[in-house]
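K.L.:
The following block contains the structure, expressed as structure tokens.
The values are calculated or read from the model by the stated rules, or taken from the named source; none is laboratory data. Not measured: the values here are computed from a predicted model. Here the Cβ positions follow ideal geometry from the backbone for every residue, glycine too, while neighbour counts run over all protein chains shown. Remember, those area values only see protein heavy atoms, side chains included, never the ligands or the DNA or RNA. Shrake-Rupley method; radii C 1.70, N 1.55, O 1.52, S 1.80 Å.
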Amino acid sequence: MNRSLVKRMAQLLLVTGAWACGSPGPEGPEGPAGAAGDTGATGPTGPRGPTGPAGDTGATGDTGATGATGATGDTGATGDTGATGATGDTGATGDTGATGDTGATGPTGATGDTGATGPTGATGATGPTGPAGAGYVPLETAGVVGYVRDTAGIIVPGVTVYLVPTADVPSAPFWERAWGVNLAYVVGDRVVQGGNIYEVITAGTSATAPSGTAADITDGTVHWKHVNTEVAVARASTLDEPLEDTIALNGATYTRATTGADGIFRITTVPAGSYYVVAVPADSGHLPGGSHCRMGMASTAFVGTQLDIEISTVPSANAEYVGPSVCLNCHGMVHEMQTLHMLGIRKVGAAGPLQNYDRFPDWNRPLTDKFTAAGTTLYFYAYNNNATSPDWRVSETNPGTGISFTLRLYSTVAAGETHYWADLTDVKGTSSPATYEVELSYGGGLYKQRYITKLGGSRYVLPIQYNFEGQTDETQPSSRWVWGQYNAQNWYTEATPALRVPALGKSFDNNCAGCHFSGFSLTGDGTAGYQAHGVPDLRGDYDYDGDGQPEVMNISCETCHGPGSEHWYSAGRGFGIVSPRLLTPEREVTICAQCHTRALGVGGGNTETAMDSTGHTIRAGTSRKDFLTNYISKMDDGLWNASAGDGAHSQKHHQQASDFLKSKKYRNPYDLLTCAACHDPHGGTGLPHQIRDVLDRAATGTTADTGKGMCMGCHDPYFTAGANFAARVQAHWTANGITNIAMGDIACVDCHMAKTAKSGAGRKQKVSAGGTTYYSGDISSHVFDVPLKADITVKSAGQMPIPFTNACGTCHNPTP
């Protein structure tokens, strides 16, 4: 408080009599404030002087009326506390000085050299051998041992393990061999002569062709037995199942052993040689083959080792089909849905929940281009008057004369849904027109598309085929046009003439569905009509049989792996399911052959579906012998020829397996291949035809590696040497007597898989300098040899001597 102000306040209180306790002592230095008296008016605060020394404390008197406290000794009596003066401002804190820079760290001194490593001490003594690990089998130094387990990891007793000498598997051409002069023939060879097939009984060399139809023919050196192409010949063959036929013939003499209760086989001595190791189970829950049955192995590669074998399980006869959705729930949404196996049959204009057509964007083109609101009219004319193989030309152009009937394609829209229609009109006769709704499309991803309608309880294929690569130049052969007739005799009787309804036995149900439906079965007969059934699936393509459940109308998981109910019930784990890779190669090929063999079945009126007498197709794992005996009534493969031809290569589609059985890839002493060796059934690569790798290309093979593809994956070590792949191909031609000329970007398949068969329109090839137009088929032969000009004895004027490509047509001419 200001000292002068305090002094004036004291003087004022004295004058007014506010002090109570007698006269004040002499004024000392200013002390603390006295006792509070009546609060007077607050005067201005005087300056505060320095505090004087403390005086003696006066005696405390009686407490009187509260007044101002007298001054205490040197310290004035405590009076009322005066108002607190304002606190003075705190002085500003001075700035902190800047921190000085840290000095630089000096460099680390160099690390000294590591001293030389001292010599390694002597190795201690080897400790005792520990106990054998789990799964170890005491070895046979001169033999082989191992476990046989199934795909569930369970040991399998009673399995006979055969060492099949690779040399015992016949590698001569299986089905036919073109006759040639002074050729050596071995037992098992088949010779084609004059349309007849002869089987060689006695080996030798001959210049005399067999003739006639006698049961046995001998020319003095070679002894032949006349055979034919009926299924009985295939059933009796001892050549068409490389491993199982060979074991049936010679197995009793082979080195072998049978697994005991512990699942172990033990062969004490293995003769030197090369072998296929084949496991043949005794029970019904497993299938023959095993993980070492397909690749020939030198005995030196496995003698003295433990050679464990894995074999496939198989669903029991009571297992049921469950549909691909159940499989995909565990195995994932694989690329199978993008394959033509899953895309063959579709509700017209739409794709089912398990169908993905991204790889085939044009499959719907005929529907959008031809089934328009305005419509497209097709003219059937120029009937060939052939009762055995009747034919009509089909064109969108009105020929003016010779028309038998027309078919008009069009679409309508009702309630937001497009409907597709086909109107048949009799032109030559007077029968009434007929209208059919197109319910399903059939194909479209490759080469062709057909259309299915429903009559009564069955479906029938309408009498047209759209060819995606068809020729618009209708001066060419009509079989190569955009439109072709498809069994039009089922829809029109030329002799009457009149439209007709197809016979019950001509239905899609009993002729076609067996090769397209998963879990196929057939009911009905030729009197009441046929009804096809597929496996029900919540995401199926269509309710085909009208039972309220959509069916899978295409080839899915269980066609190749067997019915999956027992596998699903066991939560997978390898139980109750077929693993095709572990079967004998002939059993895996039979899975494909059931549809890729052109044959007639036993049930369903002996039509094109290979089915047994109960109306069922084979289950995965069925032997070829069982297939031929119980599911096939007749072999009907069409063999490529040019009026006579070589009689060996396929002429029609879906007989690739029949070709393959003739090839050395199927029967040889090195590596027994199957269809899946080159094709991925699941379509994982995304390449055309579901092949596993790109094809070899000569023109791009400018280095040792570029240009090589799937074929060279196996053949590279044995192929002709050369600085680069293109040079190697040229050297290969030269080594085989082919003129070394520039043939363009030739691939191995161009020569060894000539397109002998035709599914759609085939392909237009080279036009020669003389104006001849060459054609090839659109389906490759799977015999893997090269059709030779010398084997073509009669030719039509416009056909190439061999059905090759544009590159070949540069030099080939239409005469043998």
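K.L.:
Of the numbered conditions (1) assigned to a loop (DSSP other than H, G, I, E, B); (2) at pLDDT 95 or above; (3) touching a strand residue (DSSP E or B) at 6+ places or on another chain (Cβ under 7 Å); (4) open to solvent by 20 Å² or more (accessible area, probe 1.4 Å), His419 satisfies every one except a single condition; which is it?
P.N.:
(1)
K.L.:
Pairs, please: C-beta under 9 Å, at least 6 apart or cross-chain, first residue without any contact (Cβ under 8 Å) to a residue 24 or more places away in the chain and over 21 Å from Cys557 (Cβ atoms) and in the range 611-625, second surrounded by 20 or more Cβ atoms within 10 Å (Cβ to Cβ) and of a type in the set (Asp, Glu)?
P.N.:
Qualifying pairs under 9 Å: none.
K.L.:
Hey, could you check the range 463-488 for residues that are among the small types (Gly, Ala, Ser) and more than 15 Å from Ala422 (Cβ to Cβ) and say which is modelled with the highest pLDDT? Walk me through it before giving the result.
P.N.:
Looking only at the range 463-488, we keep the residues that are among the small types (Gly, Ala, Ser), and these are 470, 478-479, 484, 488.
Going one step further and asking which of them are more than 15 Å from Ala422 (Cβ to Cβ), we end up with 470, 478-479, 484.
On the way: Gly470: 94, Ser478: 92, Ser479: 91, Gly484: 97.
Selected residue: Gly484.
K.L.:
Then there's this: If I ask for residues that are assigned to a helix (DSSP H, G or I) and open to solvent by less than 20 Å² (accessible area, probe 1.4 Å), which ones from the range 455-505 would you list?
P.N.:
Quick first cut of the range 455-505, residues assigned to a helix (DSSP H, G or I) only: 478-480, 488-490, 504-505.
Within the range 455-505, just Ala488 meets the criteria.
K.L.:
What are the residue pairs meeting all of these: first residue in the range 693-710, first residue without any contact (Cβ under 8 Å) to a residue 40 or more places away in the chain and of a type in the set (Lys, Arg), second residue in a loop (DSSP other than H, G, I, E, B) and open to solvent by less than 60 Å² (accessible area, probe 1.4 Å), Cβ atoms under 7 Å, and 6 or more apart or on different chains?
P.N.:
Filtered contacts from the range 693-710: Lys708/Asp696; Lys708/Gly701.
K.L.:
Considering (1) more than 21 Å from the chain's Cα centre (by Cα); (2) in a loop (DSSP other than H, G, I, E, B), say which one His682 fails and leave the rest.
P.N.:
Going through the list (1) more than 21 Å from the chain's Cα centre (by Cα); (2) in a loop (DSSP other than H, G, I, E, B), His682 breaks only (1).
K.L.:
Turning to a different aspect of this structure: Tell me, yes or no, whether the range 575-583 has at least one residue that is over 18 Å from the mean Cα position of the chain (by Cα), modelled with pLDDT of 95 or more and among the polar types (S, T, N, Q).
P.N.:
No, the range 575-583 has no match at all.
K.L.:
Which of the numbered conditions does Arg450 fail, given that it passes all the others? Conditions: (1) in contact with a Lys or Arg (Cβ under 7 Å, 6 or more places away or on another chain); (2) in a strand (DSSP E or B).
P.N.:
(1)
K.L.:
Then there is this: Just checking: which of the helices (runs of 4 or more DSSP H) contained wholly in the range 694-790 hold 2 or more residues that are buried (at least 21 other Cβ atoms within 10 Å of the Cβ) and at pLDDT 85 or above?
P.N.:
On the way: elements: 712-715, 725-735, 748-752.
Result: 725-735, 748-752.
K.L.:
Filter the range 213-270 down to residues that are assigned to a strand (DSSP E or B) and modelled with pLDDT of 80 or more and give me whichever is surrounded by the fewest Cβ atoms within 10 Å (Cβ to Cβ).
P.N.:
As a first pass, look at the range 213-270 and keep what is assigned to a strand (DSSP E or B): 216-218, 223-227, 256-258, 264-267.
Of the ones still in play, those that are also modelled with pLDDT of 80 or more are 256-258, 264-267.
Values: Arg256: 17, Ala257: 19, Thr258: 14, Ile264: 18, Phe265: 24, Arg266: 17, Ile267: 20.
Step by step, filter the range 213-270, then rank; the result is Thr258.
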